[in-house]
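The values are calculated or read from the model by the stated rules, or taken from the named source; none is laboratory data. This is a predicted model, so every value here is computed, not measured. Note that we place each Cβ from the backbone using ideal geometry, even for glycine, and neighbour counts take in every protein chain shown. These accessible areas exclude ligands, DNA and RNA; they are computed on the full protein's heavy atoms, side chains included. Shrake-Rupley method; radii C 1.70, N 1.55, O 1.52, S 1.80 Å.
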Amino acid sequence: MYNKLQYISQGESIEEQLYNIHQALDNGCDWIQMRFKYQKPKKTFALAEAIKFLCEEYLANFIVNDNVDLAKNFDADGVHLGLSDMGVAEAREILGKTKIIGATANTLEDIIRQVNYGCDYIGLGPFQYTKTKNNLSPILGLEGYQSIISKLKEQQIQIPIYAIGGITLENVDDLMTTGVHGIAVSGIITKSDQKNKLITELNEKLYGNFFI
């Protein structure tokens, strides 16, 4: 089963991105989603090449945000697609059956559509307001997750759901009671000056007694 903690990379430059990713990996996060939007292809390629090397060194999953061709070019473990990105079915044709394809959703209908197209996991959000992303979809809150996941169970739809959007350490326990598989976070890790302590605590909350 997929890791319960995903780190979505942050940084305005290649150097900032690599520093933040290296810090996350070094302190116990083993799922990296590369998010480096609105950059020149040369910079994006250089960053992807460096992240691929790092993730191999740390035995971590390397997922590319949005860019299917980049994921294929660097043989990433998979791609994460937003609601306005390339469709899951088309991405599957390009990447093949063995790669991980995650998809963003904001509603029950989004999830059902993405599952029917063949995605492997869902990033459901936003949980609450976040500055990390522009043009946010409607905020879900705990009640939104509870309602959507309950309806998925009623329809016997099983797929890993990751909560995303403005998640803090204090939110994790409540979020896990809704039935989500895990969380995808960015700023909370990037801005922390005690990353080892934070990531350890996040993993303990996500995995409970199974985390060592």
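Annotations
- Failed item, numbered, when residue 203 is tested on (1) more than 12 Å from residue 5 (Cβ to Cβ); (2) touching a Leu at 6+ places or on another chain (Cβ under 9 Å): (1)
- Unique match (being among the hydrophobic types (A, V, I, L, M, F, W, C) and under 17 Å from the mean Cα position of the chain (by Cα)) among 25, 108: 25
- Taken together, the criteria exclude residue 1 from residues that are under 13 Å from residue 80 (Cα atoms) and either modelled with pLDDT under 95 or surrounded by 14 or more Cβ atoms within 10 Å (Cβ to Cβ) (or both).
- Neighbours by Cβ (under 9 Å, 6+ apart or cross-chain): first from the stretch 45-60, farther than 12 Å from residue 73 by Cα; second of a type in the set (Ser, Thr, Tyr) and outside any helix (DSSP H, G or I): 47/9; 51/9
- Lone qualifier among 145, 129, 162, 121 - being over 14 Å from the mean Cα position of the chain (by Cα) and under 20 Å from residue 3 (Cα atoms): 145
- Taken over the stretch 52-78, the criterion of being over 22 Å from residue 104 (Cα atoms) and either open to solvent by 70 Å² or more (accessible area, probe 1.4 Å) or among the hydrophobic types (A, V, I, L, M, F, W, C) (or both) is satisfied by 53, 54, 55, 56, 57, 59, 73, 74.
- Number of the condition not met by residue 44 [criteria: (1) part of a helix (DSSP H, G or I); (2) open to solvent by 40 Å² or more (accessible area, probe 1.4 Å)]: (2)
- One residue stands out among those in the stretch 86-104 that are touching a strand residue (DSSP E or B) at 6+ places or on another chain (Cβ under 8 Å) and open to solvent by 30 Å² or more (accessible area, probe 1.4 Å): the one that is farthest from residue 52 (Cα to Cα), which is 87.
- Check on residue 188, β-branched (Val, Ile, Thr) and touching a residue at least 24 places away in the same chain (Cβ under 8 Å): no
- Any hit, the stretch 22-33, residues being in contact with a Lys or Arg (Cβ under 6 Å, 6 or more places away or on another chain) and open to solvent by less than 90 Å² (accessible area, probe 1.4 Å): yes
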